[in-house]
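Down below is the structure, laid out as structure tokens.
None of the figures in this text is laboratory data; all of them are computed from the coordinates on show. No experiment lies behind these values; they were computed from the predicted model shown. Note: ideal-geometry Cβ built from the backbone for every residue, glycine included; neighbour counts use all protein chains shown.
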Amino acid sequence: MSEKKNSQDEQPVVLPPQYYPYCPPQEDEIDLRELWETLMRRKRTVIWTTLLIFFAAMIYLWTAKPIYKGGATLEIGSALIQTGQGDVNIVEIDDGYALQEIVKTKFGVAANTPKRTRNILNLSMQGPDTEAIRKQLDTAVQYIFQRENERLKTLGLKNDAKVFPTHLVKEINVDTKPIKPKKKLILVVSIVTGLILGIFLAFFLEFIGKDPENTK
């Protein structure tokens, strides 16, 4: 009887929540050795993918036409006009901002004026033919000179007015070295891209090649 009574008096011990042992959540661990072994098994995939993209870049560089760049810089002319009160005003013969749109529309020559300036005009042009670039830039410059002469007639300047005509600050120059394509950059990018795609393809082939029965 006493043994039966003692067994009934015994109660299970319940620990408060703060005393429960902490079990961290299980996370998938990345086995670097397994990844390396996968790359070794699929190294041909990585190599051939890299070579394929590299040779594609070589073919592009072989067939792409080189692009050259030429340019020139002008200072737009101005005139000193003396008023009746003895003051002197500086009048710009032409507008640099207006010339930007004109040379671009008429001759396909890009133009811009540096910040905080109105009388400096930078001309530039790109193309596969250096002689055509030089000729087009020269045509645009001659047009600007001719336009200035016509505007001087409309301004009605007096004979004593001092005129500073438009002139070339930087002569027309066409680079002999092409600016495009950038061969070294393209080759480096092709190798890096090929390696990345090759590694991705290697893991993808390894994933689809696994037998589901063996992965359980």
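Summary of values
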item	result
Cβ-derived FRET efficiency at R0 41 Å, residue 126 paired with residue 154, nearest 0.05	0.75
Restraint check, 104/170; 43/183; 115/182, Cα-Cα greater than 22 Å	43/183; 115/182
About the Cα centre, charge dipole magnitude for the stretch 68-174 (Lys/Arg +1, Asp/Glu -1 at Cβ), debye	180
